[in-house]
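The block underneath contains the structure these notes are about, expressed in structure tokens.
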Amino acid sequence: MIVVIDYGMGNLASVQKVIKSLKKEVKITCDKKEIQKASLIVLPGVGSFEQGMKNLNDLGLVDLLYQEVIQNKKPFLGICLGMQLIMEKGSEPNECNGLGWIKGRVVPIVNSRLPVPHLGWNNTYKHKEENQGDTLLNNFYFIHSFHVLPEEAVECTYVDYEFRMVASIEKENIFATQFHPEKSQNAGLLLLKNYIESYA
Amino acid sequence: MLKVRLIPVMTFNGVSLVKTKQFTNARTVGNPIQVARVYNSRNVDELVFVDIKATEQGRKINLPLVKKVIDECFMPVTIGGGIRTFEDINDLLGIGADKVLIKSKALQNPEFIVKAVEYFGSQCISIAVDVIVKDREYLIHQKNDEKVLMKTFIEKMHQCNVGEFVVNSVVCDGMMNGFDKILYQNVSQITTKPIVAVGGAGVPSHFTELVQTNYNGALAASSIYHFTQYTPQEVKKNIE
């Protein structure tokens, strides 16, 4: 069973909808026992970093998630705020600690010429140069005002918005995306299908 | 870099999908769930669904129906119509809406918008700006004849830190003669927030013409997708 963590941060219904469309069993919950039983933990989320950490703390989920994801190596998928929270430190609106599973910080997008948030569809790529291949498969929907700066060697994909930002992170059993695969039409559905079918 | 967002708009009257001309003469164009399914299969970038009669008729939006529309969509969805309370916003976000589109309440009570932005986050609060032209000025279209300058309204909403403006030209609505390019140049000078242009698209070149004015917002339309052979994919190809 796949568990989507309910911690009062935004749109959980669309993640659930996609997982259901893949004919997988999914539960939206903050119940510790259910989270321990899960084969895959999904942490979505929209909103501020500080509020997100506060909610996880209030629900007593910080230690439990550490146990399940870091110690037991359970597959973990973070989306948007769910990706930012796994870093060590956030700054939205005030400096505060994150889950700290990956070394690095979350910082505001500072862009003099282009609007913030970075909102809309953009291509992701793996290496230095933008992937010239099948653009349909790496065209994702983004909406965020902060971005992550990993300070350890992790597998990343990137996105350009005047400068280069991290679009996704992969480290052992952790996979996290800044974009919203659940809202990215065929490209997102394919990504989630491949990921979920390999784990759950 | 970001791509131009193409957004079909669905206007609903409480019974079926309709398409207006200059905000009157609503003509029935189909069933919202079927139409949403088609747009989803065409891989559109976002979808806007508005119950254009909810506020006027003093009723709430039909949540079970809207949920069915949202369930068809694997892209961001904006829902508007008759939103007056936090509960209304919460209900819509709860069934999977990504943004809510608010107009009347924003005009009556900007303080409500300030609080909604604080509570729900600016990314999900969109403001509908329906624009008319009178004595060479852009004004907000209202049922009562109170004069509100578009500039004043957008500036005020910008200060409330809303997420996006959906700017609809009443004169161009449903006429399929092209967008009001000067209107969007004007709006771009008033706010740096994301803008969605609606009203007037009839052929793919209308979108291209607006993009060529250095407009960098999103492009929404309705009639072209209901009444012509052009699909969002063809329009997108034309822009690229």
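Pull up the stretch A:108-126, narrow it to residues that are without any contact (Cβ under 8 Å) to a residue 12 or more places away in the chain and more than 7 Å from chain B (Cβ to nearest Cβ), then point me to the one that is surrounded by the most Cβ atoms within 10 Å (Cβ to Cβ).
Our first condition is that a residue be without any contact (Cβ under 8 Å) to a residue 12 or more places away in the chain; within the stretch A:108-126, this holds for A:110, A:112, A:115.
Filter again for more than 7 Å from chain B (Cβ to nearest Cβ), leaving A:110, A:112.
Working: A:110: 9, A:112: 5.
By that ranking, first place goes to A:110.
Can you go through B:81, B:96 and tell me which one is open to solvent by less than 30 Å² (accessible area, probe 1.4 Å) and more than 10 Å from chain A (Cβ to nearest Cβ)? Reasoning before the result, please.
Values: B:96 fails: more than 10 Å from chain A (Cβ to nearest Cβ).
Just a single option satisfies the conditions, and that option is B:81.
Inside the stretch A:2-37, can you point out the residues that are assigned to a loop (DSSP other than H, G, I, E, B) and at negative phi?
Our first condition is that a residue be assigned to a loop (DSSP other than H, G, I, E, B); within the stretch A:2-37, this holds for A:6-12, A:22-25, A:30-31.
Answer for the stretch A:2-37, where residues must be assigned to a loop (DSSP other than H, G, I, E, B) and at negative phi: A:6, A:7, A:9, A:11, A:12, A:22, A:24, A:25, A:30, A:31.
Looking only at strands (runs of 3 or more DSSP E) that lie completely in the stretch B:2-50, which have at least 1 residues being closer than 18 Å to residue B:81 by Cβ, touching a residue at least 40 places away in the same chain (Cβ under 8 Å) and within 13 Å of chain A (Cβ to nearest Cβ)? Talk me through it step by step, then tell me what you get.
Details: elements: B:6-12, B:17-21, B:24-30.
The qualifying strands (runs of 3 or more DSSP E) are B:6-12.
Across the stretch A:16-52, what is the number of residues that are open to solvent by 10 Å² or more (accessible area, probe 1.4 Å), within 12 Å of chain B (Cβ to nearest Cβ) and under 23 Å from residue A:178 (Cβ atoms)? If you could, list the steps in order and put the result at the bottom.
First, pick out the residues of the stretch A:16-52 that are open to solvent by 10 Å² or more (accessible area, probe 1.4 Å): A:16-17, A:20-34, A:36-37, A:39, A:46-48, A:50-51.
Remaining after also requiring within 12 Å of chain B (Cβ to nearest Cβ): A:16-17, A:20-22, A:28, A:46-48, A:51.
Among the residues that remain, those that are also under 23 Å from residue A:178 (Cβ atoms) are: A:16-17, A:21-22, A:28, A:46-48, A:51.
Final tally of qualifying residues: 9.
For residue B:151, state whether it is part of a helix (DSSP H, G or I), open to solvent by 70 Å² or more (accessible area, probe 1.4 Å) and in contact with a Pro (Cβ under 6 Å, 6 or more places away or on another chain). Spell out the reasoning first.
Values: part of a helix (DSSP H, G or I): yes; open to solvent by 70 Å² or more (accessible area, probe 1.4 Å): yes; in contact with a Pro (Cβ under 6 Å, 6 or more places away or on another chain): no.
For residue B:151, the condition - part of a helix (DSSP H, G or I), open to solvent by 70 Å² or more (accessible area, probe 1.4 Å) and in contact with a Pro (Cβ under 6 Å, 6 or more places away or on another chain) - is not met.
Inside the stretch A:174-200, can you point out the residues that are open to solvent by 20 Å² or more (accessible area, probe 1.4 Å) and touching a Pro at 6+ places or on another chain (Cβ under 7 Å)?
Residues of the stretch A:174-200 open to solvent by 20 Å² or more (accessible area, probe 1.4 Å): A:175, A:186, A:189-191, A:193-195, A:197-200.
Result: A:191, A:199.
Mind listing just one residue for me: the one in the stretch A:150-173 that is closer than 21 Å to residue A:39 by Cβ, among the charged types (D, E, K, R) and in contact (Cβ under 8 Å) with a residue 40 or more places away in the chain and, of those, least open to solvent (accessible area, probe 1.4 Å)?
Ranking the qualifying residues of the stretch A:150-173, first place goes to A:171.
Mind checking which residues of the stretch B:160-188 are outside any loop (DSSP other than H, G, I, E, B) and either within 14 Å of chain A (Cβ to nearest Cβ) or closer than 21 Å to residue B:21 by Cα (or both)? If you could, list the steps in order and put the result at the bottom.
As a first pass, look at the stretch B:160-188 and keep what is outside any loop (DSSP other than H, G, I, E, B): B:164-169, B:181-188.
The answer is B:164, B:165, B:166, B:167, B:168, B:169, B:181, B:182, B:183, B:184, B:187, B:188.
Which residue out of B:143, B:105 is more than 14 Å from chain A (Cβ to nearest Cβ) and at pLDDT 95 or above?
Values: B:143 fails: at pLDDT 95 or above.
That would be B:105, the only listed residue that is more than 14 Å from chain A (Cβ to nearest Cβ) and at pLDDT 95 or above.
Being of a type in the set (Gly, Ala, Ser) and either over 28 Å from residue B:38 (Cα atoms) or in a helix (DSSP H, G or I) (or both) is the filter here; which residues of the stretch A:156-191 pass it? So that I can check it myself, show each step before the final result.
As a first pass, look at the stretch A:156-191 and keep what is of a type in the set (Gly, Ala, Ser): A:167-168, A:176, A:184, A:187-188.
A:167, A:168, A:176, A:187, A:188, listed by residue number.
Considering only residues of the stretch B:65-78 that are open to solvent by 10 Å² or more (accessible area, probe 1.4 Å) and touching a Lys or Arg at 6+ places or on another chain (Cβ under 9 Å), which is farthest from the other protein chains (Cβ to nearest Cβ)? Explain how you work it out, then say what you get.
The initial filter retains those residues of the stretch B:65-78 that are open to solvent by 10 Å² or more (accessible area, probe 1.4 Å), namely B:65, B:67-68, B:71-72, B:74.
From the residues that got through so far, the ones that are touching a Lys or Arg at 6+ places or on another chain (Cβ under 9 Å) too are B:71-72, B:74.
Values: B:71: 6, B:72: 10, B:74: 5 Å.
Residue satisfying both the conditions and the ranking: B:72.
When you check residue B:54 against the structure, is it over 28 Å from residue A:186 (Cα atoms), assigned to a strand (DSSP E or B) and open to solvent by less than 70 Å² (accessible area, probe 1.4 Å), yes or no?
Numbers: over 28 Å from residue A:186 (Cα atoms): yes; assigned to a strand (DSSP E or B): no; open to solvent by less than 70 Å² (accessible area, probe 1.4 Å): yes.
In short, no.
So, in the stretch A:1-12, exactly how many residues are within 14 Å of chain B (Cβ to nearest Cβ) and either farther than 16 Å from residue A:80 by Cα or surrounded by fewer than 20 Cβ atoms within 10 Å (Cβ to Cβ) (or both)?
First, pick out the residues of the stretch A:1-12 that are within 14 Å of chain B (Cβ to nearest Cβ): A:4, A:6, A:8-12.
Filter once more, keeping what is either farther than 16 Å from residue A:80 by Cα or surrounded by fewer than 20 Cβ atoms within 10 Å (Cβ to Cβ) (or both): A:6, A:8.
Residues flagged as within 14 Å of chain B (Cβ to nearest Cβ) and either farther than 16 Å from residue A:80 by Cα or surrounded by fewer than 20 Cβ atoms within 10 Å (Cβ to Cβ) (or both) within the stretch A:1-12 amount to 2.
Kindly indicate whether residue A:64 is open to solvent by less than 10 Å² (accessible area, probe 1.4 Å), away from chain B (no Cβ under 14 Å) and not in a loop (DSSP other than H, G, I, E, B).
On the way: open to solvent by less than 10 Å² (accessible area, probe 1.4 Å): no; away from chain B (no Cβ under 14 Å): yes; not in a loop (DSSP other than H, G, I, E, B): yes.
Answer is no for this residue.
The values are calculated or read from the model by the stated rules, or taken from the named source; none is laboratory data. The structure presented is a predicted model; accordingly, all values stated were derived computationally and were not measured. FYI the Cβ positions are ideal-geometry reconstructions off the backbone, even for glycines, and counts take in every protein chain you see. For accessibility, only protein heavy atoms count, side chains too; no ligands or nucleic acids. Shrake-Rupley method; radii C 1.70, N 1.55, O 1.52, S 1.80 Å.
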